[in-house]
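Each remark here refers to the structure printed beneath this line.
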Amino acid sequence: MIYLDNAATSFPKPACVLRAVQQCQFCFGANPGRGGHKLAAKAAETVFETRQALAAFFGGDVQRTVFCSNCTHAINLALKGSLKQGDHVIISSLEHNAVLRPLERLQAEHKASYDVLQIDPKSTRTTLERAQALLRPETRMLFVTHVSNVFGTVLPIRALSLFAKTHGLLFGVDAAQSAGVLDLDLKRDGIDLLCMPGHKGLFGPMGTGVLLFSDRVQPETLMEGGTGTLSLEKQQPQVLPEMYESGTLNLTGIAGLGAGLRFIGSCGGTKAICAHEVELIRTLREDLSVIRSIDLYDNLCSTAAQTVLSFSLPDLGSETLASLLDSNGFAVRAGYHCAALAHTRYDTAAGGTVRVSPSIFNTKKQIKNFAFCVNQIAMRKIL
Ligand code: PLP
C-alpha cells in the first residue's frame, strides 16, 4: 500500500520513533511526575527532554510549551483559554473545523464573536486590506492556519503577524500542516499561540499535540486536576507548564515525539523535508494536468511551496475515486477534510476532493504510479 495521507497523520513512523516508544514501554513506563522512584524520574526526564527540544525547535520557552492530546486540543486551549467575554476574533477562510467549531460555540454562547477573512492566495496586500476592514474595537485576536489542509495554500504568516502586532492583536497559528515541514519560530515570527499536532509532520505517535505560547498571553486552563505538584493545595497550581497538563501524560507518545524531532534533524531539517515534498507535488501536478477531465485545485498555492494537492474527476464522486485508488494500492483521503469554510469558499462543497499529501518516505516513482492510476480511472480503464 502506498500511503499518501500524511495530512491526516504521518505513516510510516520513522524506525527511531518506534524504537523510542518500545524502549519507553519496556524500560521505564512509569508515571512522570507522580513518584520519586528511579523509573518515574526517567519518565519525567523524557518528558522534559522532549519539551525542551520542542521549545528549541519552535523558538519558544520551555515553561510555555504544553503537551496536548492533538492539535484540536491545543487549539481549544488557545482559543477558549485566551478569549475573554466580548472579544472578537478574525480567522481565515481556510480554517479547519478545529478552529471554526470552538468559535461557533463561543459565539452561540455569546462569549466571543468571529469574522472570516477571505484569503487572496495571489495577493497578501489584498488579504491585509480585507483584514483591516474586519477590525472592530473589540477585536483581540487574529487566528489563522499556516497551511490549508485541503488546498495546500500557504498563508503569509509573517505579514499577518505584523498586521496583528500593529493593531495590538494576539496572533495565533494552526500549524497542523506545517510543523516539521516549514520553518516556524514563535519569537521571530511574532506568534502568540502556536498549535500543532505531534503526530503529523513531527512524526510522533497519535495522541500527541503541543501548544506553545508567548509571554504576551497566558491562557486559562481548560481542565483542572492532579499535576503531580503542590498536592495539598485545593486550587489548581499556577505553575507553568504543569497547570495545563492535569492527569497522566501520554509518556510513550511524548518519547516518540522526541525521537520524531531528532529524525527531522537527521533528514537535514524542515528545509530538506519541504523540498522533497514540494518536488513530489510538483511532479504530481505535472502528471495529473494531462488528464483532460480533471479538476485540479492547483491555483491556490505556488508550486514552490505546495505540499498538499486536491483534485477531483467531475463525473466520479471523490469517495468512489478514492475507493478505486485504495483497491489499486493507494491510500488518500476523500470528501470534505473537516474544513467547511475552505470547501464553501472554493466550490468543492458538492462532492469534496481527493487529497494527496506525501511525506519524506514517498518517492517520485510512487507519485508517477499514482498519477498513472488516476489517468487509467479517468479513462475508465479501471472500474
Ligand atoms: N488543523 C488542521 C489544518 C488540520 O489539518 C487538522 C487535522 O487534520 C487539525 C487542525 C486537527 O488536528 P488533530 O487531528 O491533531 O486534532
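The values are calculated or read from the model by the stated rules, or taken from the named source; none is laboratory data. All figures in this text were calculated on a predicted structure; none of them were measured in a lab. Counting neighbours? That spans all protein chains shown, and the Cβs are built from the backbone with ideal geometry, glycine included. Surface areas here come from the heavy atoms of the whole protein model, side chains and all, with no ligands, DNA or RNA. Shrake-Rupley method; radii C 1.70, N 1.55, O 1.52, S 1.80 Å.
The separation of segment 169-248 from segment 68-95, counted between C-alpha centres, amounts to 12 Å. Legend: Rg and Dmax of segment 125-189, from Cα coordinates, 12.1, 36 Å. Pairs over the 28 Å Cα-Cα cut-off, from the set Lys200/Lys381; Lys13/Lys368; Lys200/Lys364; Lys84/Lys187: Lys200/Lys381. For the chain, the fraction of alpha-carbon pairs lying more than 37 Å apart is 23 percent, rounded to a whole number. For the chain, modelled as a GNM whose springs connect Cα atoms under 10 angstrom apart, the maximal fluctuation among Gly198, Gly35, Gly265 occurs at Gly35. Working from Cα pairs under 8 Å separated by at least six residues, relative contact order for the chain is 23 percent.
Taking the Cα centre of the chain as origin and assigning +1 to Lys and Arg Cβ atoms and -1 to Asp and Glu Cβ atoms, the resulting dipole is close to 580 debye. Full extension of the chain between Lys187 and Ala15 yields a length gain of 58.7 nm, computed as 0.36 nm times the residue separation minus the alpha carbon distance.
Rounded to the nearest 500, the 222 nm mean residue ellipticity of the chain from helices alone is -12000 deg cm²/dmol, with -39,500 (n - 2.57) taken per DSSP H run of at least 4 residues. Restricting attention to the chain, close to 45% of DSSP beta bridges with both partner residues there are antiparallel.
In this structure segment 15-266 gives 42 Å² per residue of accessible area when probed at 1.4 Å with all protein chains present. Fully extending the segment from Glu45 to Asn97, taken as 0.36 nm per residue of separation minus the present Cα-Cα distance, adds 15.2 nm. Rank Asp192, Asp287, Asp347 by mean-square fluctuation in a GNM of the chain with C-alpha springs under 10 angstrom and give only the top-ranked residue. Per the Cα network of the chain with a 10 Å cutoff, Asp347 tops the list. Viscosity 1.002 mPa s, temperature 20 °C: Stokes-Einstein D of segment 148-305 from its Kirkwood Cα radius, in µm² per second? For the chosen part, D equals 117 µm²/s. Comparing Ala275, Ala304, Ser289 along the charge dipole axis of the chain, the residue lying farthest to the positive side is Ala275, per the Cβ-charge model. Each residue of segment 138-238 gets 138 Å³ once the volume of the Cα convex hull is shared out per residue. For the options Pro156, Pro314, Pro14, a Gaussian network treatment of the chain with springs between C-alpha atoms closer than 10 Å singles out Pro314 as fluctuating the most.
Largest first, the residues Phe57, Phe67 sort by 1.4 Å accessible area into Phe57, Phe67. Accessible surface comparison of His110, His37, His146, probe 1.4 Å, protein chains only, largest first: the order is His110, His37, His146. Computed on protein heavy atoms with a 1.4 Å probe, the accessible areas place Lys187, Lys111 in the order Lys187, Lys111, largest first.
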